[in-house]
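Accompanying notes for the structure given below.
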Amino acid sequence: MITSIQGTLVSATPLQAIIELNGFTYEVHLPVTTAERLPAPGAQVKLHTLVIYREDSQTLYGFAAPADRDFFRLMIEHVTGVGPKVALSIMSRLSLPLLEDAIRVGDIATLAKCPGIGKKTAERLVVELKSKVGTGQAGRAGAEPAGSPGATGAGLHRDAVAALTALGYKAADADQAVRRAALVLGPQATTEALIKKALS
């Protein structure tokens with residue numbers, strides 16, 4: 001099992017990265033929430049990976065943090081009708097903190113807005129994952145400190161998103177604005193700084 005890959009980023013799109021390592025070039029599929037955190041091509045990058053084997057293919061999926069990878073695995077292993085493509089689409093639309101919150105509180109409307117899933121799949125996500133969210137099964141404690149939000153960072157992210165939604169932003173739009181603000185401000189940013197940057 002390949003659990004991570006570290007090498008030179010050759011190129012990247014919002015859903016894919018090409019990484020060169022020891023003379024081999026790997027195609028890694030990833031969610032937009034990971035792609036937006038990649039360095040410029042030519043830089044070193046590390047992604048936490050999951051390999052999905054099928055009869056006719058093997059596909060490598062990469063994530064910025066172990067918690068993201070573990071939640072991806074949780075969705076495809078425990079939710080009926082959610083395969084890698086749908087799970088990647090969900091994680092491209094919502095960051096892990098917002099996704100976990102939506103499942104925890106049963107926010108079907110936010111989940112159903114993810115491309116590729118409707119109300120029925122959103123309901124299955126809630127029913128089949130609600131008991132597993134926040135219990136550590138998604139590997140949240142294993143998030144890397146360098147450049148990845150840990151439990152405190154996720155809490156700040158949630159608070160900033162909640163503030164923006166209270167101001168009238170849609171949850172997914174607020175989540176995207178806070179993610180962009182966090183990329184600019186870095187891991188030491190406060191909730192207030194994230195909100196101000198997201199509003200600017």
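The values are calculated or read from the model by the stated rules, or taken from the named source; none is laboratory data. In this text, all values refer to a predicted model and were calculated from it rather than measured experimentally. All Cβ positions, even for glycine, are placed from backbone atoms using ideal geometry, and neighbour counts span all protein chains on display.
Of note:
- Considering residues of the range 30-54 that are of a type in the set (S, T, N, Q) and within 17 Å of the chain's Cα centre (by Cα) only, the residue surrounded by the fewest Cβ atoms within 10 Å (Cβ to Cβ): 49
- Pairs, first within 22 Å of residue 186 (Cβ to Cβ) in the range 153-171, second β-branched (Val, Ile, Thr), C-beta under 6 Å, six or more apart: 156/191; 157/178; 159/191; 160/178; 160/191; 160/195; 161/178; 163/195
- Count - residues of the range 115-157 that are modelled with pLDDT of 65 or more, aliphatic (A, V, I, L, M) and not in a helix (DSSP H, G or I): 2
- For beta carbons closer than 7 Å, sequence separation of 6+ or different chains, a first residue in the range 104-130 that is in the same structural domain as residue 81 (by TED's automatic domain parsing) and a second that is surrounded by fewer than 18 Cβ atoms within 10 Å (Cβ to Cβ) and part of a loop (DSSP other than H, G, I, E, B), the qualifying pairs are 104/130; 104/134; 112/118; 121/81; 124/80; 124/81; 126/106.
- Every residue from the range 1-28 that is farther than 11 Å from residue 45 by Cα and in contact with a Gly (Cβ under 7 Å, 6 or more places away or on another chain): 28
Residue-wise test of (1) of a type in the set (S, T, N, Q); (2) over 20 Å from the mean Cα position of the chain (by Cα); (3) surrounded by fewer than 21 Cβ atoms within 10 Å (Cβ to Cβ); (4) not in a strand (DSSP E or B).
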{"residue": "7", "(1), (2), (3), (4)": "no, yes, yes, no"}
{"residue": "19", "(1), (2), (3), (4)": "no, no, no, no"}
{"residue": "27", "(1), (2), (3), (4)": "no, no, yes, no"}
{"residue": "56", "(1), (2), (3), (4)": "no, yes, yes, yes"}
{"residue": "59", "(1), (2), (3), (4)": "yes, no, yes, no"}
{"residue": "62", "(1), (2), (3), (4)": "no, no, no, no"}
{"residue": "69", "(1), (2), (3), (4)": "no, no, no, yes"}
{"residue": "76", "(1), (2), (3), (4)": "no, no, yes, yes"}
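- Conditions (1) free of Cβ contacts under 8 Å to residues at least 24 places away in the same chain; (2) touching a strand residue (DSSP E or B) at 6+ places or on another chain (Cβ under 9 Å); (3) in a loop (DSSP other than H, G, I, E, B): number failed by residue 38: (1)
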